[in-house]
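The values are calculated or read from the model by the stated rules, or taken from the named source; none is laboratory data. Nothing here was measured: the structure is a model prediction, and the numbers come from that model. Cβ coordinates were reconstructed from backbone atoms using ideal geometry, including for glycine residues, and neighbour counts include every protein chain displayed. Note: accessible area is taken over every heavy atom of the protein model, side chains too, but ligands, DNA and RNA are not part of it. Shrake-Rupley method; radii C 1.70, N 1.55, O 1.52, S 1.80 Å.
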Amino acid sequence: MTATPEQALEQAALAGIHRFAIPTPFAVGRVNCYLIEDEPLTLVDTGPNSGKALDELTARLGERGHALADLEQIVVTHQHIDHLGLVEILVEHSGAEVAALGAAAQRLAAFQEDAELEDEFAVEVMLRNGIPEDVTVALRSVSRSFRGWGSHVEVTRPLDDGGTLELGDRRLEVLHRPGHSPSDTVFWDAERRILIAADHLLPHISSNPLITRPLDGSSRRTQALATYIESLRKTREMPAEIVLPGHGEPITDHADLIDSRLAGHDRRKEKIHRLIAEQPRNAYELAQALWGNVAVTQAFLTLSEVVGHADLLVNEGRVREADDGSVIRYETTG
Ligand SMILES: [Zn+2]
């Protein structure tokens, strides 16, 4: 019998892991932070940089008998602002150590400059894929307006992929699972079969493998979806009983969920292949054919979806990129 999400939360709590669902101003809704009552007292992710999030986090900690100042360690699962915005403030209150993937430390420390570079990169990719300039300008100002919810992060405990994070009563295996973002890190308690997965696997929505720069900060584009699928396959093989996600309820059937996510990507890939076989199109045209006006209002998200699946087709040798020097168009090879 697999446990219900409620039972899974109870089981996690018995293992000393308590979920705090912290409000965010973003469409995704609340973000899950996990308090691990152990030595050191550890908080996995913090929520965004807002008074509302700080109030809620303080209240939840208080219910467990802790003050902000009691936090001894903050773990950052990945580089997205809804997960790490409060780090700086919490460190000021508590002097907590900050643990995160060492390979991401430089970028986390240079948050403002890095966000600016990421936006520049995004605009370039959008233009290369046929998105009109005015749409990119609008998206860039939206991205700037979100930046206040983020924070720069000084990593004091750099973690290695395959390494361990030792707490008094448990060992967490540190596993780099890039795709949703290049810094996605999951934490595996093999003894309790609990995986803290953040946005690597979400119960209600497919994690968007967003177009992005690689961890080293260079401006070559990663194949986010191909990378993500590879990461998902590794997670599928883990004997997890409970997967604790970054948003929504615990997952108790991760292999089935991953199978359905993989099948969904396969269907979308074939649909995109059919559209390209009809006529060569650029990614923006493909997004419009698939989602109509949403391809304009959510241009970057839908572009990431299309380019990610087109990468898979290119890797399979079924599609190629035809580059006229300004815009990339996809055509079939057959
Ligand atoms: Zn995320």
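Counting only helices (runs of 4 or more DSSP H) that sit wholly inside region 1-119, those with at least 1 residues that are open to solvent by 20 Å² or more (accessible area, probe 1.4 Å) and within 16 Å of the ligand (Cβ to nearest atom) are 81-84, 105-109. Kindly evaluate Pro203 against the criterion of being surrounded by fewer than 17 Cβ atoms within 10 Å (Cβ to Cβ) and at pLDDT 95 or above. When the stated conditions are applied, Pro203 passes them.
Anything in region 306-318 that is among the acidic types (Asp, Glu) and under 13 Å from Thr227 (Cα atoms)? List them, or say none.
Asp311
Considering only residues of region 273-286 that are within 17 Å of Val327 (Cβ to Cβ) and aliphatic (A, V, I, L, M), which is most open to solvent (accessible area, probe 1.4 Å)? First the steps, then the outcome.
Of region 273-286, the ones within 17 Å of Val327 (Cβ to Cβ) are 275-276, 279-286.
Add one more test, that the residue is aliphatic (A, V, I, L, M), and what stays is 275-276, 283, 286.
Details: Leu275: 26, Ile276: 3, Ala283: 0, Leu286: 0 Å².
In this case the residue turns out to be Leu275.
Among the residues of region 14-42, those identified as in contact with a strand residue (DSSP E or B) (Cβ under 8 Å, 6 or more places away or on another chain), closer than 25 Å to Leu54 by Cβ and of a type in the set (Gly, Ala, Ser) are Gly16, Ala21. Taken over region 155-180, the residue count meeting the criterion of being over 16 Å from Ala103 (Cβ atoms), under 20 Å from the mean Cα position of the chain (by Cα) and surrounded by fewer than 20 Cβ atoms within 10 Å (Cβ to Cβ) is 1. Taken over region 156-174, the criterion of being in contact (Cβ under 8 Å) with a residue 60 or more places away in the chain and either within 16 Å of the ligand (Cβ to nearest atom) or more than 24 Å from Ile22 (Cβ to Cβ) (or both) is satisfied by Asp161, Gly168, Asp169. Looking only at residues in region 203-221 that are in contact with a helix residue (DSSP H, G or I) (Cβ under 7 Å, 6 or more places away or on another chain) and away from the ligand (no atom under 15 Å from the Cβ), the one that is nearest to Gly29 (Cα to Cα) is Arg213.
Would you pick out the residues in region 189-202 that are away from the ligand (no atom under 12 Å from the Cβ) and part of a loop (DSSP other than H, G, I, E, B)? Within region 189-202, Ala190, Glu191, Arg192, Arg193 qualify. Of the conditions (1) in contact with a Gly (Cβ under 6 Å, 6 or more places away or on another chain); (2) more than 15 Å from the ligand (Cβ to nearest atom), Thr227 clears all except one; give me its number. With respect to (1) in contact with a Gly (Cβ under 6 Å, 6 or more places away or on another chain); (2) more than 15 Å from the ligand (Cβ to nearest atom), Thr227 is out only on (2).
The residues on offer are Leu275, Leu313, Leu290, Leu286, and the sole one that is without any contact (Cβ under 8 Å) to a residue 60 or more places away in the chain and more than 26 Å from the chain's Cα centre (by Cα) is Leu275.
When residues in region 230-268 are screened for being open to solvent by less than 20 Å² (accessible area, probe 1.4 Å), away from the ligand (no atom under 16 Å from the Cβ), in a helix (DSSP H, G or I) and hydrophobic (A, V, I, L, M, F, W, C), 1 of them pass. Under 7 Å by Cβ, and 6 or more places apart or on different chains, what pairs join a residue from region 121-138 that is over 14 Å from Val306 (Cα atoms) with one that is of a type in the set (D, E, K, R)? Filtered contacts from region 121-138: Phe121/Arg213; Val123/Arg140; Leu127/Glu133.
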